[in-house]
Structure formats: C-alpha cells, structure tokens
Amino acid sequence: APKIYELGPKDSLFEFDVTGAPGRRDIVLSVAKTYTNFQLKTLSLDGHATDLPVPDELDEFGSPHFTGHQLAVQLATPQVINGTSYPADTVVAYDLASKRLSVVMQPPPEVYLSGGIAGTRDGIAIVGVRHLQRVLYIAHRTEGGWTVKEALTEPPGTTLAVESTEI
C-alpha cells in the first residue's frame, strides 16, 4: 500500500476518521502537537493534506465528532472565531461541504460541558454538568445555524456520558 501521510518528528500522535457517503468520503486527520494543541486536516488518497480552519486548542483529545458533513470539536481555551470571543468548552462545527465554521453551543451559565460529545445521524449530543446534575443537550443544524435543546436532566450522583463510534 502506498504511504499517504507521514507524521513529523515533533508530532505526538494522530487519529483519522473516514466520513461521508460512498463516493463522497472524506478522511479527517487529527495530529496532536501537545496535550491540548491539535491540527485537523483533510487527507486525500494521493497524500494531499489540507489544514482545516478549526481552532487548534481542543478538548476531547482533539477528536472530531461527525453528523452529516459537519465535524464538531470542543474548545479547550477561550478563542476568537470570526471576530467574536467564545469561552472554553464552546462546541464548534466545520462544514466539510460548504467550508464554513459555525458555533454549535456555548456552555450555558453555571454549566460545565463534561461527559462527552457524540455525533448522531441528525445532530450532536453534548453532556454538561449543572449543580452536580448531568444534562444532555441535543443540537440540530438548521438553515439559520444550530438549535440546542435540553433533552434530559439526571439527578445528582448519576453518571451520564455519550460516545460515538462509526461502523
């Protein structure tokens, strides 16, 4: 098999995901530079890598989560996106088709987004903690951006986490 990508000597590790419908697949590569600094790229089978215009200080170990053409990541530090400041924990999405970055969800007041993010067939599931209670949020893409609804609140002491896998 031909080599299509090689890590640099200062790269810590990488992971890749394949997303999209047959005939329109994208290979998305996450390269760890440090524990919180990641570069996301698309990769073609001929070895051409294109950096994605996504912030590089990311939580969730830089792992993107997919729904349709969207890949979502969680900010590890406050960031400025399109001229607007966003706090750490904000979830942003990059549309692989339109090449646009959008904000999915900022953490609501008194909520810490911890418990995972998972791409679903038609949205993104996000777990937060508010006053020791786990809260499940579901985000859906709309023409005007993203709508986020609180779908479930668990009593204090209950564990709630989401994880996505692609088969």
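Read the figures in this text as sums done on the coordinates, not as results from a lab. Quantities reported herein were computed from a predicted structural model and do not represent experimental measurements. So basically every Cβ, Gly included, is an ideal-geometry build from the backbone, and we count neighbours across all protein chains shown.
Given all pairs of different Cα atoms, what value in angstroms does the Kirkwood hydrodynamic radius of the range 1-63 take?
It works out to 12.3 Å.
Restricted to Cα positions, what overall size does the range 114-165 have along the principal axes? Three whole-Å values, descending.
37, 24, 13
With a cap of 16 neighbouring Cβ atoms within 10 Å, and only residues DSSP puts in a loop, list the trypsin sites (Lys or Arg not before Pro) found in the range 1-89.
LYS3, LYS10, ARG24, ARG25, LYS33
Normalised by the empirical 2.2 N^0.38 Å for globular proteins, what value does the Cα Rg of the range 69-133 take?
Normalised by 2.2 N^0.38 Å, the Cα Rg of the range 69-133 equals 1.14.
With the contact rule set at Cα under 8 Å and sequence spacing of 6 or more, what percent relative contact order holds for the range 40-108?
Result for the range 40-108 is 22 percent.
If you place +1 on the Cβ of every Lys and Arg and -1 on the Cβ of every Asp and Glu, how big does the dipole about the Cα centre of the chain come out, in debye to the nearest 20?
That gives the chain a dipole magnitude of about 220 debye.
Report, as a whole number in µm² per second, the diffusion coefficient that Stokes-Einstein gives for the chain at 4 °C and 1.567 mPa s using the Kirkwood radius over alpha carbon pairs.
The calculation lands on 78 µm²/s.
Enumerate by residue number the GluC sites (Glu not before Pro) in the range 121-167 meeting two conditions: DSSP loop (anything except H, G, I, E, B), and at most 13 other Cβ atoms within 10 Å of the site's Cβ.
In loop regions of the range 121-167 (DSSP not H, G, I, E or B), the sparsely surrounded GluC sites (Glu not before Pro) are GLU143, GLU163, GLU166.
Relative contact order, percent, of the chain when contacts are C-alpha pairs under 8 Å separated by at least 6 residues?
12 percent
For PRO78, what is the net charge nearby, where nearby means another residue's Cβ is under 11 Å from its Cβ and Lys, Arg count +1, Asp, Glu -1?
Result for the neighbourhood of PRO78: -2.
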